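Here, each number is a calculation from the coordinates, and none is a lab measurement. The structure presented is a predicted model; accordingly, all values stated were derived computationally and were not measured. Heads up, the Cβs are rebuilt from the backbone with ideal geometry, glycines too, and the neighbour counts pull from every protein chain shown.
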Amino acid sequence: MCGIAGIITTDTSFISEQRLLQMTNALQHRGPERERFWTNDERTVGFSHRRLRIIDLSEAGAQPMHCLNRYTIVYNGEIYNYIEIKETLQKQGYSFASHSDTEVILAAYDCWKEKCLQQFDGMFAFAIWDNIEKKLFAARDRFGEKPFFYHFDQNNNFLFASEMKAMWAAGVVKEMNNSMLLNYLSLGWVQNPVDSMETFYSGIFQLPHASYLIFSLYENDLSINRYWDIDKEKIIDITSEKAIEQFAELFTTSVKRRLRSDVAVGTSLSGGLDSSSVVATIKKISAGADLTSFSAVFPNFEKDESKYVDNVKTQFNLKSFTTTPTADGFINDFEKLCYHQEEPFGSASIYAQFKVFELAKQNDVTVLLDGQGADETLAGYSKYIHWFLQELFTSKFHAFKQQKKMLVQNKIAFDWGFKNYVAALLPAQTASQLQKKYLSLALNNRDIKRDFVEAFLDREMMYKPIVTKLNDILYFNSMQFGLQELLRYADRNAMAHGREVRLPFLAHELVEFIFSIPAELKINNGFTKNILRQTMQHSLPASIVWRKDKVGFEPPQKKWMQEQQIQDYIMHAKEKLVAEKIMNENILHKPIKAKGSTESNNNDFYYLVAGKML
C-alpha cells in the first residue's frame with residue numbers, strides 16, 4: 001500500500017528529481033515510511049514512490065522495483081493471491097529475490113502480458129515501464145478500490161499519480177470541471193454515470209476500474225481497454241442449500257486471503273451484518289487469535305450502533321476501540337477532510353469513517369478488513385425491493401404475490417403502487433422519465449445562475465439504466481454509479497492516516513457468483529441480503545443476522561448543521577459561490593436547511609463542500 005507517481009515524456013528537461021520529489025511529497029500520507037525515485041538513462045521516464053510496508057518489510061520489497069533489466073514498476077495495493085500465482089510462475093522457471101507481491105506482478109506481466117490481470121485477486125493500481133518496447137502499461141483493479149489519475153498534455157507529457165494533488169504539485173493547472181460541479185450542486189452527484197474517466201477537474205482523468213492503458217512514448221499513442229466485466233444475464237440453476245455452501249466457501253477464501261500481512265490486522269465494525277460477518281469469519285479462520293476492532297459510536301443518537309457493536313465484541317472477545325465524532329471535530333477536521341478527498345462528497349457520513357481509521361492509527365493497527373461492497377452486490381438497501389418485485393411481477397407472478405406478502409408481514413417499509421406496476425411493464429419509458437426528472441431538477445434550480453446552467457449542463461450525464469430485473473440495478477450501482485464513490489471515500493480516508501482497508505465482499509469470484517444466482521436468493525422471506533443472512537445465522541447473534549433496519553456509519557449530521565459555527569461555514573461557502581458567479585444572491589437570504597446524511601436534496605451541505613473545493 002503506497003503512493004505512486006510518474007512522468008513519461010520526450011522532453012528530457014521536464015523530468016527532474018525536484019519535480020518527482022514535489023509529487024511524492026504530496027502523497028506522503030499514503031506512504032509515510034520512505035520515498036524513492038528512479039529515472040531511465042534517457043531521462044524520458046521518471047517514477048516516484050512513497051512506501052507503506054505491508055508485505056515483505058525488507059528493502060527487497062522497496063519500489064520502484066526492476067525486473068530482467070527490462071521492466072520497472074510502481075504499485076499501490078495488494079494482490080491477495082500472490083502466493084498461488086508465485087507458485088505457478090516458479091513452475092514456469094521464474095525465480096524471486098523477495099517475498100513481495102510487487103515482484104510477482106512483474107513476473108506475471110513478463111509471462112502473460114496484459115492477460116496477467118485475469119490472474120489477480122486484489123486491489124491495485126500500478127504502472128510498468130517496458131524499456132525495450134518503450135511503452136507504459138498501467139492497470140487498475142476490477143472495482144476501483146485503488147486510484148489512478150493521469151494528465152496528458154499537448155506537449156506529449158504524460159503524468160500519473162495516486163491522487164490529483166501530486167499532479168498539481170508538478171505544475172498541472174487546477175481547474176474545476178463545471179459540468180461535474182453543476183451536477184453536484186443540483187443533484188448531489190459525485191460521479192458521471194456515463195463516463196467513469198471524468199473527474200471534477202478539467203484535464204485530469206482517472207483510469208476506469210477494470211481497465212488498463214498502454215502509452216507508447218515515441219508513437220504518442222494512448223489506448224485504454226477493459227479487461228473484466230460482470231455477466232449480469234447468466235443465471236445458474238442452483239438450490240438454496242448449494243448456493244449457501246458455495247457462498248460461504250468463496251467468502252471464507254476471500255477473508256483468508258485478505259488476512260495475509262506482515263503487519264497488524266484488525267477490522268472496522270459498524271454493528272451491521274456486513275462488518276459483523278467479516279469478524280465472525282476471521283475468528284472462524286483464526287480461532288483463538290486476538291482481533292482488534294474499531295468503531296464509530298454516537299451516544300444518545302437514534303441511529304447509534306453501540307449495542308450491536310457490543311454484542312459482537314462480547315461474542316468474539318474482541319479488543320475493541322471506539323471513537324465518537326462530534327460537530328466540533330467535524331469543524332476542526334473539515335479542511336483536512338476536503339484536502340484528502342480532493343473531490344466533493346455527499347454527506348458527513350464519511351467523517352465517521354475518517355475517524356475510525358484515525359483511531360486505528362492511534363493504536364498501531366495498519367490493516368483493516370471492512371464490510372463495504374455487500375450492499376451493492378447482495379441487494380442490501382431497501383430501495384432494491386422495488387426492482388426485485390418488479391422482476392417477479394413480470395416473470396413469476398405467483399412468487400411476486402408471495403414475496404410481497406412476506407415483506408408486509410415482516411414489517412419492512414417499502415412503497416408499492418401504481419407507478420411500480422407501470423415501471424415493471426414499461427421499463428424503457430420509466431428510465432426516460434427518470435432522466436427527464438433529473439434534467440428538470442438541474443434546469444429549474446433557482447439557486448444556480450441560469451447562464452451557469454446553460455453553459456455547463458451536460459444532458460448525457462442524466463443517465464438512468466433500463467431496469468427489467470434486479471441484476472440490472474445491482475450492476476449499475478456496482479459498476480457504473482454508486483460503489484466507486486464509496487470506494488473513493490474509503491481509500492482517501494484510510495490513506496489520510498496511512499492505513500490500508502481491505503474488502504472481502506469485493507473478491508471478483510464471489511461477486512460473479514452472487515450475480516449468477518436467482519434474485520430470490522438475494523431477497524427472500526421478507527429480508528434483503530438473504531444468502532448472507534442464511535450463511536451467517538449460526539455464527540452471529542440473531543439480533544444482528546435478522547435486523548430489519550439498515551444503518552451505516554451515519555452521524556447526527558442534522559444536529560451538527562444546526563451548530564452556529566457550521567452555519568457560519570455554510571454562509572461563507574454560499575458567499576464564495578455567489579462571488580464566483582455560480583449561485584444567485586437569493587441563496588444568501590434563505591434559511592439554512594439542516595438535513596440528515598441520508599436525506600435527499602441536502603443542498604446546503606453541497607454548498608458547504610463546493611465552497612471549500614473551489
Under 17 Å by backbone N from the virtual spin label 7 Å along Cα-to-Cβ at Trp112, the residues of the range 65-89 are 78-89
Rank Phe513, Asn602, Gln562 by how far each Cα sits towards the positive end of the charge dipole of the range 496-614 (+1 on Lys, Arg Cβ; -1 on Asp, Glu Cβ) and give me just the farthest.
-> Gln562
Cα-based reach from Lys307 at 17 Å (exclusive), listing lysines while leaving out same-chain residues under 8 positions away = Lys319, Lys548, Lys550
Between Glu599 and Tyr227, the two model label points (7 Å from Cα along the beta-carbon direction) sit apart by a distance in nm of 4.5
Of Lys559/Lys612; Lys232/Lys437; Lys449/Lys590; Lys449/Lys559; Lys437/Lys469, which pairs sit farther than 18 Å apart, going by alpha carbon to alpha carbon?
-> Lys559/Lys612; Lys232/Lys437; Lys449/Lys559; Lys437/Lys469
Could you list which residues have their amide H under 5 Å from that of Ile448, counting only those 5 or more apart in sequence or on another chain, with H placed in the peptide plane?
-> Asn584
Theoretical ellipticity at 222 nm over the chain - DSSP helices of four or more residues, -39500 (n - 2.57) apiece, nearest 500 = -12000 deg cm²/dmol
Pick out, from Leu378, His209, Leu540, the residue whose Cα sits farthest towards the positive end of the charge dipole of the chain, with +1 on the Cβ of Lys and Arg and -1 on the Cβ of Asp and Glu.
-> Leu540
Non-local amide H neighbours of Thr323 (under 5 Å, H modeled in plane, Pro and chain starts lacking H): which ones?
-> Ser295, Ala296, Val297
Find how much the distance from Glu87 to His66 grows on full extension, using 0.36 nm per residue of separation minus their present alpha carbon separation; answer in nm with one decimal.
-> 5.6 nm
Report, by chain and number, residues whose modeled amide H sits under 5 Å from the one on Arg140, excluding near sequence neighbours (fewer than 5 apart, same chain).
-> Ala210, Ser211
Could you tell me what fraction of 2.2 N^0.38 Å the Cα radius of gyration of the range 360-510 comes to, as a two-decimal ratio?
-> 1.34
In the range 101-246, how does Rg compare with the Kirkwood Rh, expressed as the Rg/Rh ratio over alpha carbon atoms?
-> 1.05
Taking the Cα-to-Cβ direction at Ile466 and at Ser286 and moving 7 Å from each Cα, how far apart do the two end points lie in nm?
-> 4.9
Aspartates and glutamates whose Cα lies under 13 Å from that of Lys558, excluding same-chain neighbours fewer than 8 positions away = Glu302, Glu599, Asp604
Send over the semi-axes of the range 561-613's equivalent ellipsoid, whole angstrom and largest first, taken as the square roots of 5 times the C-alpha gyration tensor eigenvalues.
-> 17, 12, 10
In cubic angstrom, how much convex hull volume per residue do the alpha carbon atoms of the range 463-527 span?
-> 114
Whole-Hz couplings from phi, Karplus 6.51/-1.76/1.60, listed for the range 603-614; x for Gly and Pro = 4, 5, 5, 4, 5, 4, 6, 4, x, 6, 6, 5
Taking a threshold of 26 Å on the Cα-Cα distance, which of the pairs Lys174/Lys336; Lys464/Lys581; Lys165/Lys355; Lys401/Lys529 fall above it?
-> Lys464/Lys581
Could you work out how far the C-alpha centroid of the range 63-95 sits from that of the range 346-362, in angstrom?
-> 33
Length gain on complete extension for the stretch Leu614 to Gln564, per 0.36 nm per residue less the alpha carbon to alpha carbon distance?
-> 15.7 nm
Treating cross-link reach as a plain straight distance, find the aspartates and glutamates whose alpha-carbon is under 20 Å from the alpha-carbon of Lys135, omitting any fewer than eight places away in the same chain.
-> Asp11, Asp41, Glu42, Glu103, Asp110, Glu114, Asp153, Glu219, Asp221
Total charge of the residues flanking Phe301 in space, meaning their Cβ is under 12 Å from its Cβ, with Lys and Arg +1 and Asp and Glu -1, is -1
Distance histogram for the chain (every C-alpha pair counted, 10 angstrom bins, percent rounded to whole numbers) | 3, 16, 26, 28, 19, 7, 1, 0
Among 593-602, 483-492, what's the highest-first ranking by average C-beta atoms within 10 angstrom per residue?
-> 483-492, 593-602
Quick one: Karplus J couplings for the range 305-322, per residue in order, coefficients 6.51, -1.76, 1.60, θ = phi - 60°, nearest Hz, x for Gly and Pro?
-> 9, 3, 5, 6, 4, 5, 4, 5, 4, 5, 4, 10, 6, 7, 8, 10, 10, 10
Mind running the shape call on the range 287-392? Use the C-alpha gyration tensor, a ≥ b ≥ c as the square roots of the eigenvalues: rounded below 1.5 for a/c, prolate if a/b tops b/c, oblate otherwise.
-> oblate
Note, the range 26-40: 3J(HN,Hα) by Karplus (6.51, -1.76, 1.60, θ = phi - 60°), whole Hz, Gly/Pro = x, goes 5, 10, 4, 5, 6, x, x, 8, 5, 10, 9, 10, 8, 10, 6
The answer for the net charge of residues other than Val545 whose Cβ lies under 12 angstrom from its Cβ, with Lys and Arg +1 and Asp and Glu -1, is +3
Calculated diffusion of the range 1-141, Stokes-Einstein form, Kirkwood radius summed over Cα pairs, 4 °C and 1.567 mPa s, µm²/s | 85
What's the center-to-center distance, using Cα atoms, between the range 440-516 and the range 247-286 in Å?
-> 25
Arg43 paired with Leu21, simple spin-label distance in nm, labels 7 Å along Cα-to-beta-carbon = 1.6
Return an integer: the convex hull volume of the alpha-carbon atoms of the range 230-560, in Å³ per residue.
-> 154
